[in-house]
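**Student:** Sharing a structure below in structure tokens format, with a few things to ask.
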Amino acid sequence: MTGRLFLPVLIFLCAACARLPAITPVPGGLPSASDRAPCSVFPEGSWQFLHSIKAELPDGGGFTSMGLTLLSSHRRTNRSVIMTVEGFVVFDGEYDRRLVVHRALPPFDSPHFAAGLMDDIRLVFFEPEGPVIAAGLLANGSCVCRHQAPDGGYIDVEGPRGGAWGLKRYSRGERLVRSVSAQPPAGGGPGFPASIELTAHGSQNYRLALTLIEAVAAPP
């Protein structure tokens with residue numbers, strides 16, 4: 001009987017953990033537009049990042065590749081190129097108010113891949129577009145700023161703790177759909193995370209592990 005009860009209880013607990021968590025307010029209220037230090041984890045300006053990428057896919061497969069990302073935080077634009085480790089381009093797309101795909105070879109030619117990739121990049125590298133509706137502390141002691149996303153969902157930005165930070169994106173129904181964890185930069189680095197891990201939750205779950213190779217300031 002105990003064994004039969006354990007699995008449903010475990011599933012219930014996991015589902016509860018994936019719900020929108022409570023925030024305990026702190027003195028001072030919400031951060032102002034000029035004082036967002038607890039939640040300021042995103043790169044400012046124009047940058048070019050080169051990452052190695054290890055992907056784990058829903059079917060148990062995966063791949064290793066290189067990812068080149070050129071972005072502007074002011075214009076909220078980005079161009080993303082995925083290459084084999086030998087440098088052969090398998091995907092090239094950009095977003096500037098609309099998505100344009102320049103090159104997409106199988107399996108990166110799925111109609112949903114480009115849109116999903118750009119959504120993930122904007123989540124990781126751009127401050128959320130929606131307003132901050134709550135700020136304070138989570139149960140684990142992390143400071144957090146909660147944004148109301150344009151689609152009615154929520155994005156929690158967990159401020160740096162020892163240089164590490166995190167993001168969680170929830171649906172309109174308050175279910176966890178994306179989680180991001182970033183590790184502190186290597187000694188002497190430019191301040192960008194040495195590694196970033198993004199996990200997609202749900203029926204099409206996958207995981208991307210990005211390791212920073214190079215960060216270069218780009219023309220504005």
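**Student:** Based on the inverse mean of 1/r over its pairs of different Cα atoms, what is the Kirkwood hydrodynamic radius of segment 145-220, in Å?
**Tutor:** When all Cα pairs of segment 145-220 are included, the Kirkwood radius is 13.9 Å.
**Student:** Sorted by average packing, counted as other Cβ atoms within 10 angstrom per residue and highest first, what order do 214-220, 148-154 take?
**Tutor:** The packing order, highest mean first, is 148-154, 214-220.
**Student:** Next up: Ordered by residue, what ³J(HN,Hα) values in Hz, to whole numbers, does segment 127-134 give under the Karplus form 6.51 cos²θ - 1.76 cosθ + 1.60, where θ = phi - 60° and Gly and Pro are x?
**Tutor:** 4, x, 6, x, x, 6, 10, 7
**Student:** Tell me the net charge near ILE133. Cut-off is 12 Å between Cβ atoms, ILE133 excluded, with +1 for each Lys or Arg and -1 for each Asp or Glu.
**Tutor:** 0
**Student:** May I ask you to sort GLU174, GLU44 by Cβ crowding, counting other Cβ atoms within 10 Å and putting the fewest first?
**Tutor:** Ascending Cβ contact count within 10 Å gives the list GLU44, GLU174.
**Student:** Using the Karplus equation 6.51 cos²θ - 1.76 cosθ + 1.60 (θ = phi - 60°), what ³J(HN,Hα) coupling, rounded to whole Hz, does each residue of segment 101-111 give in order, writing x for Gly and Pro?
**Tutor:** Each residue's phi maps through the Karplus curve to give 9, 8, 7, 7, 9, x, x, 8, 9, 4, x Hz.
**Student:** What is the calculated FRET efficiency for GLU174 to SER52, with r their C-beta to C-beta distance and R₀ = 30 Å, to the nearest 0.05?
**Tutor:** 0.30
**Student:** Where in segment 39-118 are there chymotrypsin sites (Phe, Trp or Tyr not before Pro) that are in a DSSP coil and have at most 14 other Cβ atoms within 10 angstrom of their Cβ?
**Tutor:** PHE88
**Student:** Sorted from fewest to most neighbouring beta carbons within 10 Å, what does the list LYS54, LYS168 look like?
**Tutor:** So the ranking, lowest neighbour count to highest, is LYS54, LYS168.
**Student:** Right, here's the next one. Cα centroids of segment 80-146 and segment 200-220: how far apart, whole angstrom?
**Tutor:** Rounded to whole Å, the Cα centres lie 7 Å apart.
**Student:** OK, next. Take every Cα-Cα distance within segment 37-217, group them into 5 Å bins from 0 onward, and report for each bin the whole-number percent of pairs it holds.
**Tutor:** So the P(r) values, bin by bin, are 1, 7, 16, 21, 22, 17, 10, 4, 1, 0.
**Student:** If I model a spin label at SER73 and GLU86 as a point 7 Å from the Cα along the Cα→Cβ vector, what separation in nanometres do I get?
**Tutor:** The answer from the label model is 3.8 nm.
**Student:** Count the net charge of all other residues whose Cβ sits under 13 Å from the Cβ of MET66, scoring Lys and Arg as +1 and Asp and Glu as -1.
**Tutor:** That works out to -2.
**Student:** I would also like to ask the following. First select every other residue whose beta carbon is under 14 angstrom from the beta carbon of TYR95; then total the charges, Lys and Arg +1, Asp and Glu -1.
**Tutor:** It works out to a net charge of 0.
**Student:** If you don't mind, there's one more thing I want to ask. Which ³J(HN,Hα) values in Hz, rounded to whole numbers, follow from the phi angles of segment 137-143 under the Karplus curve 6.51 cos²θ - 1.76 cosθ + 1.60, where θ = phi - 60° and Gly and Pro get x?
**Tutor:** Per residue, the Karplus-derived 3J(HN,Hα) values read 10, 8, 4, 7, x, 6, 7 Hz.
Taken together, the values in this text are just the output of simple stated rules run on the coordinates, not laboratory data. Just so you know, these numbers come straight off a predicted model, no measurement behind them. Methodologically, a virtual Cβ is constructed for each residue, glycine included, from the backbone with ideal geometry; neighbour enumeration extends over all protein chains shown.
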